[in-house]
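Quick notes on the structure that follows.
Please treat every number below as a calculation from the coordinates, not as lab data. What you see is a predicted model, and the numbers here were worked out from it, not measured in a lab. Methodologically, a virtual Cβ is constructed for each residue, glycine included, from the backbone with ideal geometry; neighbour enumeration extends over all protein chains shown.
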Amino acid sequence: MTASRLWVFGAGLWLAVWAAAALGAPGLAPHDPHASVGEPWSPPGPGHPLGTNDVGQDLLSELVHGARTSLLVGGAAALGATGLAVGAGLASAVWGGLWDRLLMRLVDLCLVVPALALALVVAAFVGSGVFPTVLLLAALLWARGARVIRAQALAMLQRGWVIALRAAGARSLYLIRAHLVQALWPLVAAEFVQAMAAALTLEASLSFLGLGDPTVKSWGGMLYYAQARGAVVTGAWLWWAVPPGLCVGLTVASLAMLGFALEERVHPALRAARAGPAIWPQIPADPLRIARGVLEVEALTVEYGTGPAAVRALDGVSGHVRPGELVGVVGPSGSGKSTLVTAAMGLLRSPARVLGGSVCVVGVCWGSVDAKRARQLRGRSIALLPQTALHAWDPLRPVVDQVAEAVATHQALSRREARLRAQAVLKEVGFPKSRMGAYPHALSGGERQRAWLAMALVNGPDLLLLDEPTTGLDVLGQDELVRLVRDRTRVRSRAVVVVSHDLPTVLRLADRIVVLCDGRVVEYGPPDGILRSPEHAYTRRVVGALQALRGSWAAEVVG
Amino acid sequence: MARWVPYCALAWVVVTVNFALPRVAPGHPLDYLLGEEAARLSPRQRAEALRAFGLDRPLHEQYIAYVVGLATGRWGRSVRFGRPVLEVIAERLPRTLALFVPATLIAVFLGTVLGAWAGYTTRARWDAGVSSAVLLLDAMPGFWIAMVLLSVFAVELGWFPVSGSSFAASPQPWEQVRRAVLPAATLVLATLGRTFLVVRGAMRSVCQEEFLWALEAKGLPPRAVLWRHALPNAWLPAYTQIVLHLGAGAGGAVVVETVFGYPGMGRALYEALLARDYPLLQGILSVVAFATILANAVADATYPRFDPRLRGGPAA
């Protein structure tokens, strides 16, 4: 739930109003809910804002008094359930071992028990008072919370400072008291709120089935009488059955809403913004424009966020890639390389904002095309080997299927043909034939990398973008990759851009090198030129370090 | 082998609870077994009845006899219906399934589609709107939804019969379907929220994963990304939870069947409760619990079909 503040506020207000009503029920209710104070079956009117029931009791008074039972039973049961959950969860996490196994088995048991059916049977035999009901609901509802709290406590016990405390001889009970409870309380509160929602529903269901305490007013009990006395088949349902039902429902919903908001405090990832596409400055389509290259970047300026906190990732970057070229883009972390790659793919997402400039692929500029045309460019005109190529597979489909899918997305081929095409290109990049049907998890890092390369090349793109292609590969793997790129990509793709912080690799590959620093192009030229006379401070430092490390090696490679 | 241990443990707990309930509950077990008649027995008849039911023997012998009886199909006689418990169950169970299975399939389908979309869409406002509405629906008690549907569509509009109590007697299949529409609709509305919330949450975490972004770089349309790749991945964590909810739902049908007077298992459970028909109650509780255990076993056994990482085969 996107716990927008307004909703949470509304939920809190609703609960506060009913809590107040429950506390002040004797003073607030217009009548004694047990007394017959009006004509039976009266519709809402003066004196009885919600009308009366079949024996002339005031329905509004019943509703206000009913809040007492419903909230009391729900709250007390939730308190008991949360107490059990905290105790069991912490004991499980801190002591571990046999304790943990036994408790978690018990939790599994409680989670699969059909709660309502069991509650019905137990309520029928043990009795219907408020206290037995509270005990019963607590016993039915503690399990979920115990599991959640155990998981979170375990995660906390893995943190550095807790391990350090334990190593320093801190006792388990001290750890729990001094550190865990404090860190866990938002989660505990979330569990309480959710247990209360479940308890309210169960209590209402029990009362509705006539298993509640008949001497006390409750929302579920009102619904039981509405049903039993036939309010459903007369018009009276509108004022007899609807208000208590709405009270149960809205209270449960409010509790759930608060629970979500609390959970988001514990796990901020739940709140992670969904990123829509970034807006590009509109460029009027110019039919007479002649593309100078497969990729043209013109004075591109991109910022993340707005206002004083905005970070400028790219600041007026220009450059182009001609057909047949292999261009290297190097720069330190934070120089804007990833932003440049994302912009080149036309996949910038908010909070990124394009302040100015343009990026055009084979003469088509992002921002001047609709979503459909943009998709036709991606994977066909411009293909990407992402930085995370090792992990960027759908884990549920064989690799060859995913390559074939790339074919089928862009070419009108039958399934079989697409698959054959995929297999052919996979073979070309040296993907072992015996692994063709394998799922991503069963492949080595090098194999996954090769397969991604095949997927990028399979549609014969005009431009292949390699984003940090050597990340996660050992020296041999890097070497193989460099050879693959040199030998294979030139056949399958018209131009290549290698973006990397790994200068030696780029030096071995590129015809031209662009050095990016702090979002600006600080240097460009052929590799040997940059190696011999680096101009920018960053380039000088890297080249200097390279030469110091390798002696004359770099000169040999270039020479 | 070890995977079956939790299920066996659960089955054992259910059986034991069933055995223990009438013995720890206030009153004498004979009252539950014989109903009203128990009060009219002379002391001698009482002793005979005790012997007949084996209640005069030590507790552990009673326990063994109970378990053996359960395993060999001797589930006792229903006091309320005057027939063997198994017979009553055999009559009621198919009716509940006829209602519960289609309703559940529809609810899971709708919940999945809506939840997947809400978790995936970049339009945060739409998501907030749909999610709030479903959350509200999920919070409404099932029996209340039943009452409102009954009042509006059966009483006020007259589109459907008011009560399903004549369900069994109704001759035409079409009429039977018509009687099942409102109860089924209630079950759908009352249970689709669970699936929705679970799938939506799973979808939100799948959306953080890198492969989704990579799919866009391949040029896949959002439709294909959502239904072909994101949803199957979101279903994995949701699957087991949904099955768990289904198990709980089997008991939840009690209130819905009660409102509509639909003569299924839930209604039988309620009638057995009111009549203190202990043998029937034990029987139904056992069936519901075993069904839940079975559902969990099926979920665990089928889970690897959806996740290649859990299947045997070549591993790196």
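Contact order, relative form, for the range A:37-93: 21 percent (alpha carbon pairs under 8 Å, 6 or more residues apart, mean separation divided by residue count). Selection among B:Ala71, B:Leu269, B:Gly283 by position relative to the dipole of chain B gives B:Ala71 as farthest towards the positive end (Cβ unit charges, Cα centre).
As a rough footprinting exposure proxy, the listed residues A:Asp370, B:Asp277 were ranked by other beta carbons within 10 Å of their own, and the order from fewest upward is A:Asp370, B:Asp277.
Shape verdict for chain B, please, from the Cα gyration tensor: rounded (a/c under 1.5), prolate (a/b greater than b/c) or oblate. It comes out oblate by the Cα gyration axes. Residue by residue along B:257-266, Cβ atoms of other protein chains within 10 Å of the local Cβ number 1 on average.
Tally Lys/Arg at +1 and Asp/Glu at -1 over every other residue whose Cβ is under 14 Å from the Cβ of A:Ser92; what's the total?
Summing Lys/Arg as +1 and Asp/Glu as -1 gives +3.
The modelled label-to-label distance for the pair A:Asp370/A:Thr306, using points 7 Å beyond Cα in the direction of Cβ, is 2.8 nm. In terms of its alpha-carbon gyration tensor, the range A:49-273 comes out prolate; a/c meets the 1.5 threshold, and the first ratio a/b outweighs b/c.
Across the cross-link table entries A:Lys372/A:Lys433; A:Lys337/A:Lys427; A:Lys337/B:Lys218, which are compared at the Cα atoms, the separations over 26 Å belong to A:Lys372/A:Lys433; A:Lys337/A:Lys427. Taking θ as phi - 60° and the Karplus parameters 6.51, -1.76 and 1.60, the scalar couplings of the range B:178-195 work out to 4, 6, 8, 4, 5, x, 5, 4, 4, 4, 4, 4, 6, 10, 5, x, 4, 4 Hz in sequence order, x denoting glycine and proline. Taking all Cα pairs closer than 8 Å and separated by 6 or more residues, the relative contact order of chain A comes to 12 percent.
For a 4.7 Å threshold on C-beta separation, the list of partnerless cysteines in chain A reads A:Cys110, A:Cys247, A:Cys517. Which one of A:Leu28, A:Trp41, A:Phe9 has its Cα pushed farthest toward the positive end of the charge dipole of chain A, where Lys and Arg give +1 and Asp and Glu give -1 at the Cβ? Of the listed residues, the answer is A:Phe9.
When A:Lys217, A:Lys337 are arranged by Cβ crowding within 10 Å, least crowded first, meaning fewest neighbours, the order is A:Lys337, A:Lys217. Coupling constants for the range A:46-52 follow from the phi torsions by the Karplus curve (6.51 cos²θ - 1.76 cosθ + 1.60, θ = phi - 60°), and in residue order they are x, x, 9, x, 10, x, 10 Hz; glycine and proline get x.
Each Lys and Arg contributes +1 and each Asp and Glu -1, all at the Cβ; summed about the Cα centre of the protein assembly as shown, the dipole is approximately 1920 debye.
Taken about its Cα centre, the range A:49-273 carries a charge dipole of about 920 debye when Lys and Arg each add +1 at the Cβ and Asp and Glu each add -1 at the Cβ. The charge dipole of the range A:417-513, taken about its Cα centre with unit charges on the Cβ of Lys, Arg, Asp and Glu (plus for the first two, minus for the last two), comes to roughly 400 debye. Within the range A:359-467, report the trypsin sites (Lys or Arg not before Pro) that DSSP leaves as loop and that have at most 13 other Cβ atoms within 10 Å. Taking the range A:359-467 and a limit of 13 other Cβ atoms within 10 Å, no loop trypsin sites (Lys or Arg not before Pro) are found. Amide hydrogen proximity for A:Leu355: with H placed 1.01 Å from N in the peptide plane, the residues at 5 or more positions away or on another chain lying under 5 Å are A:Thr301, A:Val302, A:Glu303.
When chain A is described by a simple charge dipole with +1 on each Lys and Arg Cβ and -1 on each Asp and Glu Cβ, the residue from A:Val181, A:Leu326, A:Gly127 located farthest towards its positive end is A:Leu326.
In terms of the Cα gyration tensor, with a ≥ b ≥ c the square roots of its eigenvalues, is the protein assembly as shown rounded because a/c is under 1.5, prolate because a/b exceeds b/c, or oblate? Prolate.
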